[in-house]
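Shown next, in structure tokens, is the structure this report addresses.
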Amino acid sequence: MLKKPATWHRRHDVPWLIAFVLPAFFIVVAVQFYPLAYSAVLAAQEWTLTKSQEPEGFVGLDNFVEELGDETFRRSVRNSVLITGGAVILEMILGVCLAYLTMGSSWRMRAVRTLLILPMVIAPVAAGTLWRILLNYRAGLVNHLLGLIGVQGPEWLASPDWALVSVILLDTWQWTPFVLLVAGAAIASIPGDLLEVAAIDGASRWKTFLYIELPLLTPLLLLTLVFRMLESLLSLDSIYSLTFGGPGYSTYTMTFYIYTQGLRNFNFGAAAASSWIFMAFASVSIALVFWFQRKDW
Amino acid sequence: MRRRKSFKQRIYSVIHGIVLAVACLVVIVPLGYLIINSIKLPREFLTIPPTILPTEVTFEHYQDLIDDKKTVRYFQNSLTVAVWTTGVTILTGTLAAYGLARMRLSAKILALVTFIFLFIRFYPRVTTVIPFFLVMRQFDLLDTVWAIIIGQLGITIPFVTWLMLVVFQDLPSEIEEAAVVDGASVWQRFSRVVLPIVMPSVSAAAILTAFLSWNEFLIASSVARRKASVLSIAVASFVSDKGIQWGPMAAMSVVMIVPMIVFALFAQKYLIRGITFGAVKG
């Protein structure tokens, strides 16, 4: 009896294909999903490593209740909202503007684009250090330049409010290029004849943008916005090296708070509980990204 | 004959040029200032007004870094971690992506797989850092480069698998059909027919992995603070542990930044494709 070669191969292939997937699968389960489950268990335990080598017993939802009432936790949530909100809005506006200004394939525009994306490839830790030097009150370049135009620069990193602004500035400096890249690709993919028709009909540049381009760009811009929002919320490195949460708790973000709870205070139960509160929010956003990516607009 | 620009157009192009020049300066000046700081004499750091351009150039901060055995080891550790992470990730990630792409999974299962990739890319990683720390403690791997490598693999493998899955799915099936008729096994088809074609994408994935690994801080700082420490931790530690040593801090940052800028200049297309992956297709 003859089998159809294609079917035969397909069935014969399956064990091989599974074997191809397995190594990656095992690593991901061991390094991502096992710790994730472990973390859920920790969230319901009382455990501070400095007090005890073993978990100190099951406490149910106590950690969650405690964290939600904790003042530093609340302040971290507020800071996260301010920093991420401020930075992402600035990045979207600047990124889209720059994307329009750097359109084109002349060598000059390509050089400008190459230059403008550089902040994105710098390690966030190093970017934080760099801005720490720039924003130094006495010897920093920023205040020196402000001085040249007669403005007395603030104590960027020493005042609670300006420290928040500094973190927003850093995030914007480093990640506006991301929006520039994504928006640039999206703008380039808008069919040219659509714009020509609009021009022939006498639409102004601004109206063309508002009524033709913006609606076409909206899905991708929303996706980019959620992307940036998540990455900004989750980032630890740049805050670590720029302000280290300070002065006081004034630039503690969710991520920074959880990190210090877990790996400085070694209060594993509290850190796990607050990270699951954070997770609930992140999951909704991730679902949103998923939906944006699959939806046909 | 070339049409002469109207007054309005000329004004526009002048403003356009100015805005772009300012944007470029905002990028270049901080980076330049960092490099200048790394070659400035210590006594010129806290003068008022600040010395913007140093009167004298010194390489003592770099010399100090080279003389310091610790720094050299951080650099070596960073390299070791990046090489191992990239190697293992490309090997397992590319294979897994090929496996997934050729399994003829139903649309629903593929959607689930995509969701899992997306989730791993974006969930608060700080959630798993503490349990991961405890697991590494159990296996007695704390403060070794292996702990960092294993931790980073959990991020990079799903990312590369996802990236390559899209590449394999877009590959026309005729390419492999001839090989099937000739009786080639899956492995032969993968290694001799498909792999040579997708090599550019594999390079893109490799560059991206090396980039992520080199810049990674969260995992490294949670499992390896002392002897297995890497550059990202060393750069960050100038803040908390040592007061402020401007020169060494700047020099160390330069050492960390420069390789990635070189990457960005020479492999720009690949790096961008990786960084914007998920937001822009292809």
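The values are calculated or read from the model by the stated rules, or taken from the named source; none is laboratory data. As the structure is a computational prediction, the values presented were derived from the model and not from experiment. Methodologically, a virtual Cβ is constructed for each residue, glycine included, from the backbone with ideal geometry; neighbour enumeration extends over all protein chains shown. For the accessible areas, the whole protein counts, side chains as well, though only heavy atoms, and no ligand, DNA or RNA atoms are used. Shrake-Rupley method; radii C 1.70, N 1.55, O 1.52, S 1.80 Å.
Tabulated results
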quantity: Which listed residue is within 29 Å of B:Pro158 (Cβ to Cβ) and in contact with a strand residue (DSSP E or B) (Cβ under 9 Å, 6 or more places away or on another chain), from B:Leu212, B:Leu208; calculated: B:Leu208
quantity: Residue check for A:Ala203: part of a helix (DSSP H, G or I), more than 30 Å from the chain's Cα centre (by Cα) and not aromatic (Phe, Trp, Tyr); calculated: no
quantity: Counted residues, segment A:68-99 - those being more than 22 Å from the chain's Cα centre (by Cα) and modelled with pLDDT of 90 or more; calculated: 0
quantity: Residue in segment B:83-99 that is over 23 Å from the mean Cα position of the chain (by Cα) and under 22 Å from A:Pro15 (Cα atoms) present; calculated: yes
quantity: Subset of segment A:110-144 [in contact (Cβ under 8 Å) with a residue 12 or more places away in the chain and over 25 Å from B:Ile219 (Cα atoms)]; calculated: A:Arg113, A:Leu116, A:Ile117, A:Leu135, A:Asn136, A:Tyr137, A:Gly140, A:Val142, A:Asn143
quantity: All helices (runs of 4 or more DSSP H) inside segment A:97-177 with 2 or more residues being among the small types (Gly, Ala, Ser); calculated: A:124-134
quantity: Number of positions in segment B:53-63 that are surrounded by 12 or more Cβ atoms within 10 Å (Cβ to Cβ), within 14 Å of chain A (Cβ to nearest Cβ) and either at pLDDT below 75 or in a loop (DSSP other than H, G, I, E, B) (or both); calculated: 1
quantity: First in segment B:128-145 and within 12 Å of chain A (Cβ to nearest Cβ) and at positive phi, second anywhere and part of a helix (DSSP H, G or I) and of a type outside the set (Phe, Trp, Tyr), Cβ under 9 Å, 6 or more apart; calculated: none
quantity: Answer from A:Leu141, A:Leu145 - the residue that is facing chain B (nearest Cβ under 7 Å) and out of contact with any Asp or Glu (no Cβ under 6 Å at 6 or more places or on another chain); calculated: A:Leu141
quantity: Filtered residues of segment B:84-141 (kept if buried (at least 21 other Cβ atoms within 10 Å of the Cβ), among the basic types (Lys, Arg) and more than 21 Å from A:Leu233 (Cα to Cα)); calculated: B:Arg102
quantity: The listed residue being in contact with a Phe, Trp or Tyr (Cβ under 6 Å, 6 or more places away or on another chain) and in the same structural domain as B:Tyr74 (by TED's automatic domain parsing), out of B:Val88, B:Val113, B:Val126; calculated: B:Val126
quantity: Sole exception among (1) more than 7 Å from chain B (Cβ to nearest Cβ); (2) closer than 21 Å to A:Gly85 by Cβ; (3) assigned to a helix (DSSP H, G or I) for A:Gln293, by number; calculated: (2)
quantity: Residue match in segment A:196-214 (condition: closer than 27 Å to B:Thr114 by Cα and in contact with a helix residue (DSSP H, G or I) (Cβ under 6 Å, 6 or more places away or on another chain)); calculated: no
quantity: Criterion violated by A:Leu17 - all others in (1) within 9 Å of another protein chain (Cβ to nearest Cβ); (2) within 32 Å of the chain's Cα centre (by Cα); (3) buried (at least 19 other Cβ atoms within 10 Å of the Cβ) satisfied; calculated: (2)
quantity: Within segment A:42-75, tally of residues that are in a helix (DSSP H, G or I) and touching a residue at least 40 places away in the same chain (Cβ under 8 Å); calculated: 10
quantity: Residue within segment B:158-166 that is open to solvent by 10 Å² or more (accessible area, probe 1.4 Å), at pLDDT 85 or above, over 18 Å from B:Thr209 (Cβ atoms) and not in a loop (DSSP other than H, G, I, E, B) present; calculated: no
quantity: Exclusive hit being in contact with a helix residue (DSSP H, G or I) (Cβ under 7 Å, 6 or more places away or on another chain), facing another protein chain (nearest Cβ under 7 Å) and open to solvent by less than 50 Å² (accessible area, probe 1.4 Å), set A:Ala185, A:Ala123; calculated: A:Ala123
quantity: Candidates A:Leu164, A:Leu195 - the one that is more than 30 Å from B:Ile155 (Cα to Cα) and away from chain B (no Cβ under 13 Å); calculated: A:Leu195
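Here's the yes/no breakdown for (1) at the interface with another protein chain (Cβ under 10 Å from one of its Cβ atoms); (2) without any contact (Cβ under 8 Å) to a residue 60 or more places away in the chain; (3) open to solvent by less than 30 Å² (accessible area, probe 1.4 Å):
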| site | (1), (2), (3) |
| --- | --- |
| B:Glu174 | no, yes, no |
| B:Ser185 | yes, yes, no |
| B:Val194 | no, no, yes |
| B:Thr209 | no, no, yes |
| B:Ser213 | no, no, yes |
| B:Ser222 | yes, no, yes |
| B:Arg225 | yes, no, no |
